[in-house]
Amino acid sequence: MLIAMSGVRIVNPELRALGLTLPGFVERGKVIASMPSLGLLTIAGATPPHWEVSYHEIDDLDQDSLAELVRTEPDLVAVSSLSARVEDAYRVLGDFRAAGVSTVLGGLHASVMPEEASVHADCVVTGQGEWVWPKLIRDFESGALASRYDGMHAREPLASTPLPRYDLLDPERYNRIPLQTTRGCPLDCAFCAASRLISPYKRKPIERIREEVESVLQIWNQPFIELADDNTFVNKPWGRALADLFAEYPQIRWFTETDISLGDDEELISRLARSGCAQVLVGLESVQDDSLAEADTRSWKRKRRREYIERVRRIQDGGISVNGCFVFGFDADTHDTFDRTWDFIQEAELSEVQVTLLTPFPGTALYDSLARQGRLLKDRFWNQCTLFDVTFGPRGLSPVELERRFQKMVATVYSDDANERRRTKRASIYRHRRTATT
């Protein structure tokens, strides 16, 4: 039995209440919550065929239905969780363990906090689980389940990953389907809590991706595919080949994340426009050089800062919507940072915007640095790892000032007028793309 701990809940009550009146603010969170766990579906694909496998979303289960699942007494239950939902995961695992069910816990949080995780599960899988899962199953069948299976930084090629078990999903439940084409990222951002924590940078062969696309199309006629990549277009020639692959399937629309260097390659942008790529999320992080200097060890983003507006315009003029992502809370940030960011958003005419708070996820360089400095507000704050809750003491603002100024920024960015301007911009981008590609 596989249980996904999807979605997050903002802890700050004022910001949570603000979300009720600003639909644009919560829209992206709902999109993320609506996607199934690709990690668990991949684990299912690595499970021997003589096993019966079921897949469940924790937010689809009330207390009674969860208790009913426990009463079915599965042979093995596996849970995957990010930090924000790991306390919920621990409670779910506790229910199954109390009933005598063997439990496995994986995901990014368990991978970087395995000692803590092992208190709550019989077995902890760290890192990339698909390559250790077959051994785990064999050990379980022989009565020799180990307490830890290590897939951290495994260098097995992505071509050898099993096909995800999309067939386990209810087609009516999901409007976005995850698919991974790359894993890891060569950039070294201090705050990044994505797959680069558990894997070196890898690319999946194009023909292998084709197999996964075809398996999705067996279930969904017109899917919206969201790539579970940290940074898709690091390698531009490979990225062009990926765009050409998606262009073969005009019924597919898709979304991914990348860096600003996408704007360097006009041919890639042109192919993306023909491929059904609806939008790319670009981690701009900050409009300030001194804040960007804190972001990654090589100051790569700081060196690209002067090109931000020109590259955003080039991507959007090429027919691809840019979701610009900004982070607040760097040591160099002040009250003025928010005003400068809002000015930039308007000047760049970003067609979508995501604003977040700097969050020291466990396992990151940022977490280690703030812990050493004694700046974490709590020793254990996992449920606040939402990207919208203040969890440490910044330098340029007090925690309360950062919280209040961020709330004001949210209200500005997701106001009705701002949302309408972005909708108009997106419509203009898509009209231009239709004209350019016909």
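With a 1.4 Å probe and all protein chains left in place, how much accessible area per residue does the range 296-388 have, in Å²?
41
In whole angstrom, how far apart do the alpha carbon centroids of the range 144-179 and the range 223-243 sit?
If you average the Cα positions of each part, the centres end up 18 Å apart.
Roll a 1.4 Å probe over the protein chains and send me the accessible area per residue for the range 93-225 in Å².
Value for the range 93-225: 42 Å² per residue.
Hey, how many Å between the Cα centroid of the range 42-70 and the Cα centroid of the range 1-20?
So the separation of the two Cα centres works out to 21 Å.
GNM, the chain, Cα, under 10 Å: largest mean-square fluctuation among Thr232, Thr181, Thr412?
Among Thr232, Thr181, Thr412, the largest mean-square fluctuation in the Gaussian network model of the chain belongs to Thr412.
With the full set of protein chains in place, find how many percent of the accessible area of the chain is carbon and sulfur; take the probe as 1.4 Å.
49
Can you list the HN-Hα couplings for the range 379-395, worked out from phi with the Karplus curve (6.51, -1.76, 1.60; θ = phi - 60°), rounded to whole Hz and with x for Gly and Pro?
Once rounded to whole Hz, the list reads 6, 9, 9, 4, 5, 9, 7, 9, 6, 10, 10, 7, 10, 8, x, x, 8.
With an 8 Å cut-off on Cα pairs and a minimum separation of 6 or more residues, tell me the relative contact order of the range 314-408 in percent. Walk me through the intermediate numbers first.
Values: 105 pairs, mean separation 30.2, N = 95.
RCO, the range 314-408: 32 percent.
Could you rank the peptides 334-343, 356-365, 369-378 by their average count of other C-beta atoms within 10 Å per residue, with the highest value first?
Top of the packing list down: 356-365, 334-343, 369-378.
What 222 nm value per residue comes from the helices of the chain, counting each DSSP H run with n ≥ 4 as -39,500 (n - 2.57) and dividing by all residues, nearest 500 deg cm²/dmol?
It lands at -12000 deg cm²/dmol.
Identify which of Pro36, Pro13, Pro186 has the largest mean-square fluctuation in a Gaussian network model of the chain, with springs joining Cα atoms closer than 10 Å.
Sorting by GNM fluctuation, first place goes to Pro13.
With the Cα gyration tensor of the chain giving a ≥ b ≥ c as the square roots of its eigenvalues, does the rule (a/c under 1.5 for rounded; else a/b larger than b/c for prolate; else oblate) give rounded, prolate or oblate?
oblate
Quick one: which of Lys135/Lys236; Lys204/Lys301; Lys236/Lys378; Lys204/Lys378; Lys202/Lys303 span more than 32 angstrom between C-alpha atoms?
On the way: Lys135/Lys236 36 Å; Lys204/Lys301 25 Å; Lys236/Lys378 42 Å; Lys204/Lys378 39 Å; Lys202/Lys303 25 Å.
With Cα atoms farther than 32 Å apart: Lys135/Lys236; Lys236/Lys378; Lys204/Lys378.
Rounded, prolate or oblate: pick one for the range 129-213, where a ≥ b ≥ c are the square roots of the eigenvalues of its C-alpha gyration tensor, a/c under 1.5 means rounded, and failing that, prolate if a/b is larger than b/c, else oblate.
oblate
With unit charges on the beta carbons (Lys and Arg positive, Asp and Glu negative) and the dipole taken about the Cα centre of the range 65-175, which residue among Leu158, Ser147, Leu82 sits farthest to the positive side?
Checking the options against the dipole of the range 65-175, the answer is Leu158.
I'd like the distance separating the alpha-carbon centroids of the range 359-427 and the range 193-222, in whole Å.
30
Under a GNM of the chain (C-alpha, springs under 10 Å), which listed residue has the highest mean-square fluctuation: Pro162, Pro114, Pro171?
Result for the chain, Cα springs under 10 Å: Pro171 fluctuates most.
If you take the square roots of the eigenvalues of the alpha-carbon gyration tensor of the range 168-221 and sort them as a ≥ b ≥ c, do you get rounded (a/c under 1.5), prolate (a/b over b/c) or oblate?
Oblate, since a/c reaches 1.5 and b/c is not below a/b.
Suppose a student asked you for the relative contact order of the chain, using Cα pairs under 8 Å spaced at least 6 residues apart; what percent would you report?
14 percent.
Dipole size in debye (nearest 20) for the range 134-219 around its Cα centre, Lys and Arg Cβ +1, Asp and Glu Cβ -1?
Roughly 320 debye for the range 134-219.
The values are calculated or read from the model by the stated rules, or taken from the named source; none is laboratory data. Just so we're clear, the structure is a prediction, and the values are computed from it rather than from any experiment. Don't worry about glycine lacking a Cβ; one is built from the backbone with ideal geometry, like all the others, and counts go over all protein chains shown. The protein model used for the area step is the full one, side chains on, heavy atoms only, and it has no ligands, DNA or RNA in it. Shrake-Rupley method; radii C 1.70, N 1.55, O 1.52, S 1.80 Å.
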